[in-house]
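A.B. asks: My questions will all concern the structure given below.
Just so it is clear, none of the values below were taken in a lab; they were calculated from the coordinates. Note that the structure is predicted; figures quoted are calculated from it, not measured. As a convention, Cβ positions derive from the backbone with ideal geometry for all residues, glycine included, and neighbour counts pool all protein chains shown.
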Amino acid sequence: MSGDFSDFTGSDKGTNIKIAIFGVGLIGGSLALCFKGKPGFEVVGHSVNPASAEKYVARGVVDWATTSIAEAAKDADFLFLCVPVGRLEDYVDELSQLPLKPGCIISDVGSTKASVVRHAGKLSLQGAVFIGGHPMAGSERSGVEAASLHLLENAFYVLTPTDATPVEAVNKLEQLLKWTKAHIVKTDAVQHDDIVGAISHLPHMIAVALVNQIAGYNETNELYQMLAAGGFRDITRIAASDPLIWRDILLNNREVMLKLIEDWQGEMERFSALLEQGDGDGVAEQFRKAGHFRSQLPERRKGMITSIYECYMDVPDHPGIIGKIATELGQAKINLSNLQIIESREDVPGILRLSFRQQDDLDKAISLLTSLNYSVHF
Ligand SMILES: NC(=O)C1=CN([C@@H]2O[C@H](COP(=O)(O)OP(=O)(O)OC[C@H]3O[C@@H](n4cnc5c(N)ncnc54)[C@H](O)[C@@H]3O)[C@@H](O)[C@H]2O)C=CC1
Ligand SMILES: O=C(O)C(=O)Cc1ccc(O)cc1
């Protein structure tokens, strides 16, 4: 099979490729949208809840939907498990009892990989192959309403085959996933959980703890909430993530998380000691070290903790300026996904944050606004 994803359609082979998505929420729905309508593809959604199954079809995310696992799985070439991490192993168990299409591929999108990969490795899947997967893009939103065709575009998509996984099966899955326009990365499931625990699960936990700490202070003084706009809101966005999805992720990755919490406490203790000693150079050195590492992070790549393309503008605080900018972008057919004033006081230039869903829109906006003599930072 060549590297061109257009090769991988059912119609090229005069057959249908059936793709079953179990749990059509933010991630399952976004995957479904990448496959639906492609030549020869048939995308079926599964939900335990009949009203949800109907909604998947009504929203045009899947071709048809069912509440029967057996019906969704029957003759499917690819089966994606897109339910909360705590349910993944149950789904693998149920599928292992069904007469699946020989050679079909079962994958999942769970934010943790070690336990589900270990579990599937112990089962006989009757000719099916399990390959762990984790598209590393998402948002604090959930449900099929939040699904988007572009969610995974340009993001990393981790696959965790084992030594026992047939190479042809991995190639077949990679070929299909080209429709997502994500970049495939292969790694070991245990290493995945260590790294993703540190760069995604720990930040989510810290964001929640931080918001709860401030919420506690706010109980006796509401000024905390009033003044907590701007940066606080930005760095705690992920604290608004779905509680049950995150309950499952953190419990599933608990050993890694406990070690990371220990290390985090060590970092906080280091700050405590520097402050107790009045060691200003030491404090500044912490910022220098962090700034240096941060400056080496990939620029504006879509990924975890940020999945939007943004630029900032200095704008004079006068009536109508925001409408003018939005109109200029609209007339140039540039799709703005969000617009926020970060600070605006009388006679002080405000900062406007413009968010886009695609790199292309951001690039076009920067060149248009710069040509109109606005000051744009990105
Ligand atoms: N939220 C995010 O940004 C990302 C999430 N993931 C992983 O993707 C998977 C799905 O997460 P989202 O799409 O964000 O969640 P979601 O809440 O948008 O979708 C979850 C889907 O699973 C179904 N579901 C919920 N509880 C269930 C249960 N007990 N039994 C059977 N089905 C159930 C829901 O009806 C829904 O269709 C999770 O395993 C999560 O760890 C992976 C990458 C990013
Ligand atoms: O919203 C964000 O920035 C995220 O970090 C989303 C996210 C949540 C869970 C994942 O497993 C991957 C990505």
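A.B. asks: Among the listed pairs Lys18/Lys74; Lys36/Lys122; Lys18/Lys178; Lys38/Lys172; Lys101/Lys172; Lys74/Lys113, which have their C-alpha atoms separated by more than 21 angstrom in this model? All intermediate terms of the calculation are to be shown ahead of the outcome.
C.D. replies: Numbers: Lys18/Lys74 9 Å; Lys36/Lys122 32 Å; Lys18/Lys178 16 Å; Lys38/Lys172 16 Å; Lys101/Lys172 15 Å; Lys74/Lys113 25 Å.
Long pairs (Cα-Cα over 21 Å): Lys36/Lys122; Lys74/Lys113.
A.B. asks: If you don't mind, another one. At a Cα cut-off below 25 Å, give the lysines reachable from Lys364, other chains included and same-chain residues fewer than 8 away excluded.
C.D. replies: Lys181, Lys302, Lys324, Lys333
A.B. asks: Order by neighbour count: Val57, Val48, fewest other Cβ atoms within 10 Å first, most last.
C.D. replies: Val48, Val57
A.B. asks: Mind running the shape call on segment 5-187? Use the C-alpha gyration tensor, a ≥ b ≥ c as the square roots of the eigenvalues: rounded below 1.5 for a/c, prolate if a/b tops b/c, oblate otherwise.
C.D. replies: Taking the square roots of the gyration eigenvalues as a ≥ b ≥ c, segment 5-187 is rounded.
A.B. asks: Something else about it: Using a simple charge model, +1 on the beta-carbon of Lys and Arg, -1 on the beta-carbon of Asp and Glu, nothing else, what dipole does segment 120-218 show about its Cα centre, in debye to the nearest 20?
C.D. replies: It comes to approximately 160 debye.
A.B. asks: Provide the percentage of antiparallel DSSP beta bridges, counting only those with both residues in the chain; round to the nearest 5.
C.D. replies: Just about 45 percent of them are antiparallel.
A.B. asks: Under a point-charge model restricted to the Cβ atoms of Lys and Arg (+1) and Asp and Glu (-1), what is the dipole moment magnitude of the chain relative to its Cα centre, in debye to the nearest 20? Working shown, then result.
C.D. replies: Numbers: 35 positive and 48 negative charges, 188 e Å.
Value, rounded to 20: 900 debye.
A.B. asks: Quick one: Cα convex hull volume of the chain, Å³ per residue?
C.D. replies: Dividing the Cα hull volume of the chain by its residues yields 187 Å³.
A.B. asks: Shifting gears a bit: Of Lys324, Lys18, Lys36, which is the most mobile in a GNM of the chain whose springs link Cα atoms less than 10 angstrom apart?
C.D. replies: Fluctuation is largest for Lys324.
A.B. asks: So what is the relative contact order of the chain, in percent, for Cα pairs below 8 Å that sit 6 or more residues apart?
C.D. replies: Working: 620 pairs, mean separation 48.2, N = 378.
Once divided by the residue count of the chain, the mean separation gives 13 percent.
A.B. asks: Sort Ser337, Ser375 so that the residue with the fewest other Cβ atoms within 10 Å of its own Cβ comes first and the one with the most comes last.
C.D. replies: In increasing order of surrounding Cβ atoms, one gets Ser375, Ser337.
A.B. asks: Consider just the alpha-carbon atoms of segment 192-295 and return their Rg together with their Dmax, both in angstrom.
C.D. replies: My reading of the Cα-based Rg and Dmax gives 15.8, 43 Å.
A.B. asks: In whole angstrom, how far apart do the alpha carbon centroids of segment 18-45 and segment 161-193 sit?
C.D. replies: Computed from Cα coordinates, the inter-centre distance equals 18 Å.
A.B. asks: Something else: Among Val211, Phe232, Asn252, pick out the residue whose Cα is farthest towards the positive end of the charge dipole of the chain, where Lys and Arg carry +1 and Asp and Glu carry -1 on C-beta, about the Cα centre.
C.D. replies: Towards the positive end, the residue furthest out is Asn252.
A.B. asks: When the chain is modelled as a GNM with alpha-carbon springs shorter than 10 Å, which of Pro84, Pro135, Pro243 fluctuates the most?
C.D. replies: The residue with the greatest mean-square fluctuation here is Pro243.
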